[in-house]
Every structure is written in structure tokens, then in C-alpha cells.
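The values are calculated or read from the model by the stated rules, or taken from the named source; none is laboratory data. All of these numbers come straight from a predicted model, not from anything done at the bench. Positions of Cβ are backbone-derived with ideal geometry, glycine not excepted, and every protein chain shown enters the neighbour counts. For the accessible areas, the whole protein counts, side chains as well, though only heavy atoms, and no ligand, DNA or RNA atoms are used. Shrake-Rupley method; radii C 1.70, N 1.55, O 1.52, S 1.80 Å.
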Amino acid sequence: DASSSGKVCTRFDLEKETELRFEVEAGEAVDQVELELLTGMAEVFGSELNRNKKYTFGPGSKIAVFTWQGCSVNLYGKPEVAYVSKDTPMLLYLNTHAALEQMRKQAERENERGPRVMVVGPTDVGKSTVCRMLLSYAVRVGRRPTLVELDVGQSGVSVPGTVSALCIERPADVEESFSVQAPLVYHFGSTTPGTNIKLYNKLTSCLAEVFSQRCEVNRKASVGGCIINTCGWVKGSGYQALVHCASTFQVDVVLVLDHERLYNELKRDLPHFVRVVLLPKSGGVVERSKECRRDARDEKIREYFYGFRGLSFFPFSFEVRFSDVRIYKIGAPSIPDSCLPLGMSQDDTQLKLVPVTPGRDLTYHVLSVSSVEDGDEDARKSIVESPVCGFIVVTNVDTQTQVMKVLSPAPRPLPRHTLLIMDIRFMDMK
Ligand code: ATP
């Protein structure tokens, strides 16, 4: 069968409570795959499909089309795999949403705050997907939940190396997930919390504080609660970071995906009033290789500057004089305790601002533009705890003329002149 666009077309008839899973091959010269709902009702990760509308999925997409009542769909193009599964944990996920919704109703009645939920588990268990579903279900019943993104490796909200919060006002877009307008973003600087766990915990606390303040003045946000997506690092300091997050956000519910030991540990270590729930992962979640994750991170940065599919951005390239900016790295390299100056602890070194002298090795690094006011010396102390207003990439450094060239989403001048360097680099191949 062939569609009008000349692509191969395959029809799938799905029984109730089953899902069609398909993957689009990764790579550049790969054809996109289109999805069309013909009859019945279906959803992709909690967002309903419109009938007779073609949804396009690009290289590397891994999608599940789930139906509660049964439906038929067409796929146009050649997916790498496509199969129907009857075995999905969707009913458990929906029940979880129903339980959270009960908590919101109760919060509304009793003038309390709604559920704060932390989603945890190792890598590739579908944490982000579960967050997306729970958030979309919540907005579909009129709630305004907040997504807290603590996954510094694969952020769904901003570029990698950041933690952030986003108020969710409409269900995720089927093709592009949540529309990211005015998120609150903090600079972390690397793709794993382990590089600076003190900073990671500090930023988690900052987000918790800002969220709590918002809840105090915004009843809908308070009742909506939050869904916190975490990193897949669940041992040692990674585990401690989860416990810290639970405490600083005062979470009520922890959803543990597919990890019994983690479930038992959290049950043991969190206060008894925190509901810790073990949920299975979906068999559809596909393991992603290191390269795959790196590509996804690169793509996220490219999107920040260039936009995606329907929405193209045109970034600017201009020169910045070294003397006009202050560049810092957060955290001094750790030194043995015995070498620390009297009265100083390791914590202090991890949160310390270290001035960076611009040199050739700055090339390709992503820099966060801090929101602190220029020239506000008092603010220096709080740079670490201030949100960022955007990102630039250094594309060239000329030490002779003391000038660097940057890629920026906005034309010159930079809105602020305090920059924080990330470990993360981006090579602009466009
Ligand atoms: P990370 O370790 O990077 O945080 P994660 O645990 O958050 O990963 P997800 O990002 O939610 O995992 O899912 C991994 C991939 O699997 C995504 O590309 C997602 O689209 C896909 N996926 C999730 N659920 C299903 C499903 N039921 N069928 C097919 N693909 C799925």
C-alpha cells in the first residue's frame, strides 16, 4: 500500500489496552515516519491523538501509541521496528494518576498543598516518559502541575548541564513534548551530578525553595503539585542526592521504576509518611547507548540555537571582548582535607567561584549567562544560586586581540556579563 506522499503505508488495528511501539532509525539520511489515527481513540505518552492528522517523527524517535478502547492507525514510511504489545503497565500508570488526583482533590477541600512526586530509577526505565504522562493527565483534568527536571544528562526542559522547573499548562505536544516557555533554569555545568554533588544538592534546594514560594502565592500551582524527574544514578552519592531531594521538596510520593533494592532503601530511609511505590517499567522502553545519549544532548543544544522542525531560530554570531565579561567555573578542584586553609571545608571549594582566564581551550564550550546584575558585587556570592537567562557557545578565541566569538540566540550585546562555563562542548556543524 502506498500513501499520497509515496511512502509505504502499514495499517495496524489495535485492541483495547494495547500499544503499537515503533522506532525510527537514527542517523541523518533517514526518512521520517508519519502516524495517523483512523478510527477510535489513542494517545502517545498521555497526549491524545487527533483523528486524520499526520504526526511526524524524526530519526531516533521511540514511540508508543496506546489505546484504552481500541483503534486503528496508519504508519507511513519505514520504521526500524513496529509491533503491537498487549503487555503494558499503562493501567498502573493511570491508577497512579488517579491516586494523585485524589490527593489534589483532598488538598483543594482541606486547603492543603497537592502531591509532590519524585520519580526515580536507574537509566532507561522510562522515568521521563512517566513524568510526561502524569503531567499530561493532570493538565487534561484541569490541573497546573510543575515539572522539576533534575536530570542533568538528559534534560527535557533546557540544555544539558542544567536543572530547571516548568509550569505545565497544556498537555505535551505529541511530536515535540512540552512547550518550553519561561522555564526557571540553573547552571550546573556538567552531565552527571557526580562532578559536583554539593552544587547539585544546592541547586535542588534552590528549586524547592522557589517552588514553595510560588505555591504560597499561587493556589493552582500549590494544588497541582510537582513531578520531579531525577537522574539514573541511584547508588552512593546519587542515592544521597535522591534522599536530599525528597527532604528539600518534602515529597509525599516516590515512584520507583523497576528497582526493588532502591525501593527498599528509600522505604527504609525516608520518613514513614512518604508513600514509596514500586512500579514496573514498560517493556517498550529502549536502552540507549552512550553515543545515543551524546547525540540527544547535542540535539538539545542545537534546538536551543536553531529551533526545530516547525520553528526555526536564527542565532547570531558576534565578538565579545574578554574585558567586557567575567567568566567563572563553579567549584575548585578538590584537594586533600589536610591542605585546606584553616576553617575551610570541602563544601566551600565545591561551591566556590573560580575565575577563568579566557584561552584557546575555551573554544566550543557552552557558557551560561547568569541573571545576576552586572556590577553588583554583593550578588557575586549568589551567582551560584541565581538562575540563568540563556546560553552562548564560544566558537573562536583570539588571545592576541583578547576577543572571543560567540554563538548567541539574541543579537549583541549580551544581556548580562557574568558567564559560567560548562564542561559541555558544542560544535556547530550547521
Ligand atoms: P534516562 O535514563 O535518560 O533518564 P529514562 O529512564 O527517563 O531515561 P525515557 O527517556 O523516559 O527513559 O525513555 C527512553 C526512551 O524509550 C525514550 O525514547 C522513550 O520515547 C521510549 N519509550 C518510553 N516508553 C516507551 C514505550 N512504551 N514504547 C516505546 N518506546 C518507549
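Tabulated data
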{"quantity": "Pair list, Cβ under 6 Å, 6 or more apart: segment 120-131 residue touching a residue at least 60 places away in the same chain (Cβ under 8 Å), other residue in a strand (DSSP E or B) and near the ligand (Cβ under 6 Å from one of its atoms)", "calculated": "none"}
{"quantity": "Failed item, numbered, when GLY283 is tested on (1) more than 27 Å from GLY225 (Cβ to Cβ); (2) open to solvent by 80 Å² or more (accessible area, probe 1.4 Å); (3) part of a loop (DSSP other than H, G, I, E, B)", "calculated": "(2)"}
{"quantity": "Odd one out for GLU287, checked against (1) over 17 Å from the mean Cα position of the chain (by Cα); (2) modelled with pLDDT of 95 or more", "calculated": "(2)"}
{"quantity": "Meets criteria (over 18 Å from LYS7 (Cβ atoms), at pLDDT 95 or above and within 16 Å of the ligand (Cβ to nearest atom)) for ALA82", "calculated": "no"}
{"quantity": "Single unsatisfied condition, VAL157 versus (1) modelled with pLDDT under 95; (2) among the hydrophobic types (A, V, I, L, M, F, W, C); (3) farther than 24 Å from SER368 by Cβ", "calculated": "(3)"}
{"quantity": "The listed residue being under 30 Å from VAL243 (Cα atoms), of a type in the set (S, T, N, Q) and open to solvent by 80 Å² or more (accessible area, probe 1.4 Å), out of SER338, SER289, SER345", "calculated": "SER338"}
{"quantity": "Subset of segment 36-73 [touching a Leu at 6+ places or on another chain (Cβ under 6 Å), closer than 30 Å to LYS300 by Cα and open to solvent by less than 20 Å² (accessible area, probe 1.4 Å)]", "calculated": "LEU37, ALA42, LEU49, TYR55, VAL65, THR67, VAL73"}
{"quantity": "Filter result for VAL256 (touching a Phe, Trp or Tyr at 6+ places or on another chain (Cβ under 6 Å) and in a strand (DSSP E or B))", "calculated": "yes"}
{"quantity": "Neighbours by Cβ (under 6 Å, 6+ apart or cross-chain): first from segment 235-253, assigned to a helix (DSSP H, G or I); second open to solvent by 40 Å² or more (accessible area, probe 1.4 Å)", "calculated": "VAL243/ASP269"}
{"quantity": "Residues located in segment 283-293, provided they are within 14 Å of GLY27 (Cβ to Cβ) and without any contact (Cβ under 8 Å) to a residue 24 or more places away in the chain", "calculated": "SER289, GLU291"}
{"quantity": "So THR129, is it modelled with pLDDT under 95 and within 16 Å of the ligand (Cβ to nearest atom)", "calculated": "no"}
{"quantity": "Selection status of VAL185, within 25 Å of HIS97 (Cβ to Cβ) and either in a strand (DSSP E or B) or open to solvent by less than 60 Å² (accessible area, probe 1.4 Å) (or both)", "calculated": "no"}
{"quantity": "Some residue of segment 99-119 being open to solvent by less than 40 Å² (accessible area, probe 1.4 Å), within 10 Å of the ligand (Cβ to nearest atom) and within 18 Å of the chain's Cα centre (by Cα)", "calculated": "yes"}
{"quantity": "Flag for GLU260 being touching a Leu at 6+ places or on another chain (Cβ under 9 Å) and open to solvent by 40 Å² or more (accessible area, probe 1.4 Å)", "calculated": "yes"}
{"quantity": "Check on ARG11, open to solvent by 40 Å² or more (accessible area, probe 1.4 Å), modelled with pLDDT of 95 or more, part of a strand (DSSP E or B) and in contact with a strand residue (DSSP E or B) (Cβ under 7 Å, 6 or more places away or on another chain)", "calculated": "yes"}
{"quantity": "Residue tally, condition within 15 Å of the ligand (Cβ to nearest atom) and either open to solvent by 10 Å² or more (accessible area, probe 1.4 Å) or under 24 Å from ALA221 (Cα atoms) (or both), over segment 159-173", "calculated": "5"}
